[in-house]
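Derivation of every value follows stated rules applied to the coordinates shown; laboratory data play no part. All values reported here derive from a predicted model rather than from experimental measurement. A quick note on method: Cβ atoms are made from the backbone with ideal geometry, for glycine too, and the neighbour counts reach across all protein chains shown.
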Amino acid sequence: MNVSQKFEQFNDSNFGIYVHWPFCESKCPYCDFNSFANYGSIDQADILAGYIQEILHLRSLTGPKSVSSIFIGGGTPSLMLPPVLDSLLRAIQQSWHVESWAEITLEANPSNVELGRFKAYRSVGINRLSLGVQALRDFDLQALGRLHTARQALVCIDITAKIFPNFSLDLIYARPNQTLDDWRCELSQVLSLGGQHLSLYQLIIQEGTLFANKRLAGELHILEPELANDMYALTQQMTTNAGLKGYEISNHAVPGLESQHNLLYWRCGEYAGIGPGAHGRIISNGYRIAILNEYLPEKWLAKINESGNALIEFAKLSKEEQADELIIMGLRTVEGLNLERLARIASLIPMQKKVTELVEQDFLEYAQDFKVLRVKEQGRFIVNKLILELASSLEPV
Amino acid sequence: MTERSYIRNFSIIAHIDHGKSTLADRLIQFCGNVKDREMRQQLLDSMELDIERGITIKAQTVRLNYKHRDGRTYQINLMDTPGHVDFAYEVSRSLAACEGSLLVVDASQGVEAQTLANVYQALDYNHEIIPVLNKIDLPAADEARVKTQIEDVIGIDASASIPVSAKTGVNIQYVLEAIVERLPAPHGNKEKPLKAVLIDSWYDSYLGVVVLVRVFDGVLKKGQKIKLMQTGSAHSVESVGIFRPKKEIVKELGPGEVGFFTAAIKEVADTRVGDTVTDDKNPTETPLEGFKPVQPVVFCGLFPVDANDFEDLRSAMAKLRLNDASFSFEMETSVALGFGFRCGFLGLLHLEIITERLDREFNLDLIATAPSVVYHIYVNNGQMREMHNPADMPDPTLIGHIEEPWIEAAIFVPDEYLGGVLKLCQDRRGRQKELTYTGTRAMIVYELPLNEVVFDFYDRLKSISRGYASFDYQLIGYEQNDLVKMSVLVNAEPVDALSMIVHRSRSELRGRMLCEKLKELIPQHLFKIPIQAAIGGRIIARETISALRKDVLAKCYGGDVSRKRKLLEKQKAGKKKMRQFGKVEIPHEAFIQALKMQD
């Protein structure tokens, strides 16, 4: 199946499930995800019981559905015991119909790889692994707070390739003190490993992280925007040459092997979120609803035990909010923002004058007979600004 | 009506925070006017802003009945006066209506600049002054030092000053005794035609305009037809009353008494502070002297952030003016900001109070342009025009010369900050007139151009002195100077709301600072933006805002979209409040922020 077939296959009825495993062996200094280290020995059975309760609750909200993708993220979900994962996937299958072709991804860290465990994950139904490699330089791995070495990462990739039909590698670049040549060298090494999907993220300092404090204290210097942009351009060039097409700001894949689950997010599809701090977008009674779970694992569990769910947000999205999300997500992908869909869902459309201006400035282009707006190469560096420009010029259809 | 010899009228002179309102509360409480359960702080400050800022904006009065140790009960009228220079005229009217003053000085702080100006005014009205040293409960209180300071700086005898603590109530009865024993009873003759001074007036939605008066001669009573001598209008008195501080209706007010009347007067603007109230049929032959209409000194443009709020702004301003005739407004249009109003104020505090009330009480989001003073423009044929708005500046070839208003400023400052304050005054084209010391505090008197003061002089003074300097000023007249209009161009488009009048010698510095500040305040766009300051066609300063190079999130998945959307909503709201100049968007707060200089 090639990309365009998948695009056609996509429709608003696709449905994905995200499961959040919030525990890690240690907290990385750049990470602002809902993750917790030093939890001692958590009882995985308790967490599983919570998941199962939530699945039942979500099923009552969504009604019967066909699941096209499942993504188990974190945190470090490769800390999950295979039988727990097995029960989790079974619970999902008992509530919804999971398509035979569904993409089922697990995130894993190279620091906790065991051949046996990976084989077990595969046998309970995981068909795609997303490996948090982050770097292939020991010095940088240490600086990023990772518990593995470059050597371990390479071994892990080797094992993964043997077990999983499909896998992805995560890397972080534009790291402090990194040069363009450093990155060129490291990326060629990554590309030589034969992966068919890469998520290549520039280091961003998020508020509330250890790195943010270090930066405030003047101990951490992020790269000049010009250099970071040059690295980005180099990344596009090298991945394209290697046959991995950029299909989102930071994601590259051999055509046909794009992450189905992540595409669901970027296309503003429907997905349920399970686990502490998980977000979801579900259709209920004809409305698009944003849902969010309690963040702290113990509170999350207590709430579920008390009332059968741990929702802290259940908000009907307005037309404008839906338009905003379509623009935020759409402009990040090479598919672009589908204007027809935007008009159909939100009854709003960006002002023609604004669009023309941005097209003339060479940041945006039309595609598919003016039905789609796409960000051009030089617009990708400033996509947030383009999102703001379009979202603040919305007018009724 | 109380016999004249049993009446005492006094006001309280104090610097902000020296405890005037607390002392007033104690005096009221001591005389039993309010039950303890009704007691709240700052009884006399009725506006929310009064209480919050610790200043009194409108004059207030309260009548107390005090039983003296001689066995007689005295009627004591307390007049609370505005404590700020912007309201100096109101202060002078209130003082004119009393025979004496309490000079309240914080015993832990000492005399401040505003106090000084008001004491001198009180002395001009032949007031008997009773010095009261407040806050003696504080460990830092130093009675002896402050007494010496009062004698040195103000030049009045402080030997009989009364140490009190308004907070704890210590020695309050001695204050009341001193008022009875040391202040003279009012003069006046109840047989003569009515003669009363209009101290203040305000709008009450039930009663119409309420007029506060002090009677000198004759009697004011219900049903009487009175005349306001300056405006010439006549009205029938509908009610006569006093404040305790609650309103209480009385039969009449006689010589020496203070109270209010209502007379179906529709607008506060019809009643002028300082006017003489007399009997319409039997008028006094000698109206009170010294009436002068108040003139706005500082002007600025106020524009609604959302153009749809224009009508709301107009009606809000009209409502505020009902109670504050010294505030003026007329419609203005700006290329940059659209429809708004050019507003006149008594001073900077007045400006701030009005804009804050518009924001709080009427929930209006406003763009305020740079405050401007009133310039006198002499055109070539010798005629003089007043200019309130730099945008109205005629072509320079048509101008003979320009005059600007100057002030005399008195500043009190601890000597460790003196150097910084002198530099500030010097940088602002000031001329030093006086520099004296009392203890470790310096008093400096400077002549300064008002246009150097209106922007941020007070803020700078406070920050240089870490809040310890106090400042007071009065207008002293107009002076010819080499003044030019500086315009600002953003992306080659002139932004009228940012143009200003500056002294030529200061123009390059101002221009450079303004451009630098705008560079910080205007967000990066998708293209580069030149910012220029110009005098006529000549560019005197230039900065460039580079094009936005990078603004992208590395990750945006299912868990990130809510956060990103909420951020986007904020950005969209911020963008709505920006003003578009050609292709450039300028945040509305930039218009006032850009003018704050860092000397």
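In order along segment A:193-206, the phi-based Karplus estimate (6.51 cos²θ - 1.76 cosθ + 1.60, θ = phi - 60°) of 3J(HN,Hα) comes to 7, x, x, 10, 9, 10, 10, 10, 9, 6, 5, 10, 8, 8 Hz; Gly and Pro are listed as x.
Pairs of Cα atoms nearer than 8 Å and 6+ residues apart set the relative contact order; for segment B:371-449 it is 28 percent.
Taking each DSSP H run with n ≥ 4 as -39500 (n - 2.57) and averaging over every residue of chain B yields -7000 deg cm²/dmol at 222 nm.
In chain B, the longest principal axis of the Cα atoms and the axis of helix B:113-124 are about 40 degrees apart. Using a Förster distance of 35 Å, how high is the FRET efficiency between residue A:27 and residue B:520, based on the Cβ-Cβ distance and rounded to 0.05? Computed FRET efficiency for residue A:27 and residue B:520: 0.50.
Computed from the alpha carbon positions, the gyration tensor of chain B leads to an equivalent ellipsoid with semi-axes of 47, 28, 26 Å, biggest first. Of the residues B:453, B:373, the one with the fewest other Cβ atoms within 10 Å heads the list, and the complete ranking is B:373, B:453.
Amide H contacts of residue A:133: A:170, each under 5 Å away and 5 or more positions distant or on a separate chain (H built 1.01 Å from N in the peptide plane; Pro and chain starts excluded). Please give the FRET efficiency for residue B:359 paired with residue B:431, using the beta carbon to beta carbon distance and R0 = 45 Å, rounded to the nearest 0.05. Efficiency computed from Cβ-Cβ geometry: 0.75. Adding -39500 (n - 2.57) for every DSSP H run of four residues or longer, then dividing by how many residues chain A holds, sets the calculated 222 nm ellipticity at -12500 deg cm²/dmol. Here r is the Cβ-Cβ distance between residue A:192 and residue A:123 and R0 is 35 Å; the resulting FRET efficiency, rounded to 0.05, is 0.75.
About the centre of its Cα atoms, the protein assembly as shown shows a dipole size close to 1440 debye [charges on the beta carbon of Lys, Arg (+1) and Asp, Glu (-1) only; nearest 20 debye].
Taking the C-alpha atoms only, the angle from helix B:348-362 to the longest principal axis of chain B is near 80 degrees. Using a cut-off of 31 Å between Cα atoms, the listed pairs B:247/B:319; A:27/B:575; A:27/B:519; A:245/A:319; A:353/B:550; A:214/B:564 include A:27/B:575; A:27/B:519; A:245/A:319 as exceeding that distance.
For chain B, the longest principal axis of the C-alpha atoms and the axis of helix B:172-182 are separated by about 70°.
Springs join every pair of Cα atoms under 10 Å in this Gaussian network model of chain A, and among A:74, A:286, A:243 the largest mean-square fluctuation is at A:286.
Across A:333, A:240, A:76, mean-square fluctuation computed from a Gaussian network of chain A (C-alpha pairs under 10 Å connected) peaks at A:240.
A simple rule links phi to the HN-Hα coupling: the Karplus curve 6.51 cos²θ - 1.76 cosθ + 1.60 with θ = phi - 60°, which for segment B:423-440 gives 5, 4, 5, 5, 4, 8, 6, x, 10, 6, 10, 7, 8, 10, 10, 10, x, 9 Hz, with x for Gly and Pro. Between the alpha-carbon centres of segment A:144-171 and segment B:148-222 there is a gap of 87 Å. For residue B:295 and residue B:160, the difference between the fully extended length at 0.36 nm per residue and the C-alpha to C-alpha distance is 44.7 nm.
Taking label positions 7 Å along the Cα-Cβ direction at both residue A:158 and residue A:38, the computed distance is 3.6 nm, reported to one decimal.
A simple spin-label model places pseudo-atoms 7 Å from Cα toward Cβ; at residue B:589 and residue A:362 they are separated by 3.6 nm. If a spin label sat at a point 7 angstrom from the Cα of residue A:147 along the line to its beta carbon, the backbone N atoms of segment A:104-120 nearer than 19 Å would be those of A:106-119.
For the protein assembly as shown, the Kirkwood radius over C-alpha pairs fed into Stokes-Einstein at 10 °C and 1.306 mPa s yields D = 46 µm² per second. Taking θ as phi - 60° and the Karplus parameters 6.51, -1.76 and 1.60, the scalar couplings of segment B:328-335 work out to 10, 8, 9, 5, 9, 10, 10, 4 Hz in sequence order, x denoting glycine and proline. Residue separation of residue B:492 and residue B:466 scaled by 0.36 nm, minus their Cα-Cα distance, works out to 5.4 nm of gained length.
Summarising the amide proton neighbourhood of residue B:400: residues at separation of 5 or more, or on other chains, whose placed amide H is nearer than 5 Å comprise B:378, B:379, B:380.
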